[in-house]
Amino acid sequence: MDHEDFTTPEHERTFAPQPPAHGRGFARTWWGRSWLKALEDTALEADQLRSGRALARSGAVGAVTVRPGRITGVVRDRDGTAHRADVLLQQFSGDEWDRFLEVTVDRAGHLAALLDHDMPPDLVEDAAAAGVELLPGIGDLEPECDCGAWDQCGHTAALSYQVGRILDQDPFALLLLRGRGEREVLAAVQDRTAARVEPTPAGALREEVRPGVDAVEAFATGYLLPPLPGLPPVPEPPRAAPSLGVGTSPSSDLLPSALEFLALQTAREARRLLVESLSSDLGAPVTEPPLAQDAVRLAAGDPDEDTVMRLASASGRTPDALALAVRAWRYGGAGAVSALERAWTPTHEEEARARAVVAAAWEAEEAPPLHGEGGAWTTPDGRARIGVDGSGRWWPFRREDGRWAPAGPAAGDPATALAVARGED
C-alpha cells in the first residue's frame with residue numbers, strides 16, 4: 001500500500017474527540033452509517049468489533065487525524081492506558097481518480113452536490129459501477145497498534161468506529177483518506193466541467209458548417225423573434241378531488257368517492273414526480289409498485305371509510321392490518337411496511353451477520369436479554385421487538401392489542417432501535 005504521510009493543511013485533517021455515545025445511534029448521517037455497515041460487514045472478528053464499539057461509545061478515542069491512506073488516533077483502555085492506533089486504507093490510483101471525477105461530472109446531481117460541499121449517496125453506486133469503491137471492502141482496512149496485536153484489535157476497531165462519526169461531520173474525509181483533499185477534488189471537478197464547455201476552435205467549426213441560413217442575416221433579423229418562454233411554475237399541490245357528479249347514477253360496482261380520491265392522489269403523485277425531475281438531470285426511473293404496496297400508499301392519503309375497506313380487501317389485509325401498514329409507511333415507506341409484515345427472510349449468512357451486529361451493539365454488562373429468530377429480536381416480556389431488513393436497517397416495534405405495531409423510523413444500529421421500541425428515545 002502507498003501510505004506516504006503529508007503535512008500540508010490540504011492533506012491533513014484533525015478532528016476533535018467526540019463525547020460518549022451511550023443510548024443513541026452511533027452515526028447519524030447516511031455516510032457515517034454506510035462506513036459502519038461496511039466495517040461490520042467486512043470484519044472477521046466479532047469480539048474485536050464489540051470491544052472497539054464499547055471503547056468508542058465510552059469516549060475513549062482522542063483526537064483523530066486523517067491523511068491520505070491513514071487514520072491515526074490515541075485510544076485509552078478502561079484502565080487509562082493509552083495506545084496509538086492506525087488504520088490504513090489503499091489510496092486511489094490516478095486512473096481511479098480519473099474515473100471517479102468522470103462519474104462526478106457526468107451527472108448534474110453529483111456535480112451540484114459536490115460544489116455545495118456534500119456527497120450524494122448514489123455517488124457510491126455510480127462510482128462502484130465505474131470500478132471505483134469508495135467504501136472499504138473485505139481486507140481493505142489494515143490495522144496497526146502499539147498494543148502488539150498482529151491484526152485488528154479493540155483499539156483499531158474503536159478508531160474505525162470513530163470514523164463513522166467523523167463522516168457525520170465531513171464526508172470529504174473519506175476522499176482525503178483515499179488520497180485527495182476537498183479543495184483538490186473540487187478544483188479537479190471544476191476543471192473537467194470547464195473543459196467540457198470550452199469553445200470549439202474556429203477552424204474545426206468551419207469544417208462542420210452545413211448549408212443553411214447566413215449567419216449575418218440571422219443575426220440581423222433575430223430581434224424580430226420573441227425570446228423563448230421560461231419554464232412554467234410548478235403548480236400548487238391539489239387540495240380537493242374533482243367532482244364526478246354528472247346527474248346519472250353510477251354502476252353498482254363503482255364507488256364515486258373512491259374514484260375521486262384516486263384522481264386526487266394521482267394528481268399529487270404526478271406533481272411529486274415533476275418536482276423530482278426538475279431538481280435532477282433525468283430524475284429517478286419510475287417503476288410500478290406491487291398492488292399490496294400501492295394500496296398502503298393510497299391508504300396513507302386518508303381516504304374515506306368505504307375506500308379504506310376496498311383497499312384492505314384488494315391488498316389481502318384486514319382494516320386493522322392496513323392501518324398498521326399505513327403507520328409503518330409514514331415512518332419509512334415501502335421498507336417499513338416490508339419490515340412490519342416480515343416480507344424479507346434473511347439467509348443463514350445474513351442472519352449470522354445480524355447476530356454479530358446485535359452482539360456488538362452493547363457493552364457486555366449493558367446487553368439486554370433478547371430472543372432472536374428470523375432476523376427479529378424480542379425482549380423477554382414480549383413488549384418490544386427490533387427487526388433488520390436487507391439493507392441493514394433496524395426497525396423498532398412494540399406490542400399493541402396482541403399485534404406488533406411500528407414504533408418509529410429505522411435506526412442504523414440495534415441499540416437505538418430497541419430504545420425507540422421501548423419508548424426510551
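Filter the stretch 359-376 down to the residues that are assigned to a strand (DSSP E or B) and over 21 Å from A321 (Cα atoms), then identify the one that is least open to solvent (accessible area, probe 1.4 Å). Here the answer is G372. Exactly one residue out of R385, R355 is under 15 Å from K37 (Cα atoms), open to solvent by 30 Å² or more (accessible area, probe 1.4 Å) and not in a loop (DSSP other than H, G, I, E, B), and it is R355. Among the residues of the stretch 388-409, those that are in a loop (DSSP other than H, G, I, E, B), open to solvent by less than 40 Å² (accessible area, probe 1.4 Å) and of a type in the set (G, A, S) comprise G392, A407, G408. For beta carbons closer than 9 Å, sequence separation of 6+ or different chains, a first residue in the stretch 143-159 that is free of Cβ contacts under 8 Å to residues at least 60 places away in the same chain and a second that is part of a loop (DSSP other than H, G, I, E, B) and open to solvent by 20 Å² or more (accessible area, probe 1.4 Å), the qualifying pairs are P143/A149; P143/D151; P143/Q152.
For the stretch 70-120, residues that are at pLDDT below 75, buried (at least 20 other Cβ atoms within 10 Å of the Cβ) and assigned to a helix (DSSP H, G or I) total 2. Is at least one residue of the stretch 228-243 open to solvent by 60 Å² or more (accessible area, probe 1.4 Å), closer than 26 Å to A312 by Cα and either touching a Phe, Trp or Tyr at 6+ places or on another chain (Cβ under 7 Å) or at pLDDT 70 or above (or both)? Yes.
Contact annotation: residue pairs with Cβ atoms under 9 Å, 6 or more positions apart or on different chains, pairing a residue in the stretch 39-65 that is over 22 Å from A354 (Cβ atoms) with a partner that is open to solvent by less than 50 Å² (accessible area, probe 1.4 Å) and of a type in the set (S, T, N, Q), are G59/Q18; V61/Q18; V61/Q162; V64/Q18; V64/T72; V64/Q162; T65/T72.
Looking across the stretch 25-54, the residues that are over 22 Å from E125 (Cβ atoms) and among the polar types (S, T, N, Q) come down to Q48, S51.
The values are calculated or read from the model by the stated rules, or taken from the named source; none is laboratory data. Note that the structure is predicted; figures quoted are calculated from it, not measured. Cβ coordinates were reconstructed from backbone atoms using ideal geometry, including for glycine residues, and neighbour counts include every protein chain displayed. Note: accessible area is taken over every heavy atom of the protein model, side chains too, but ligands, DNA and RNA are not part of it. Shrake-Rupley method; radii C 1.70, N 1.55, O 1.52, S 1.80 Å.
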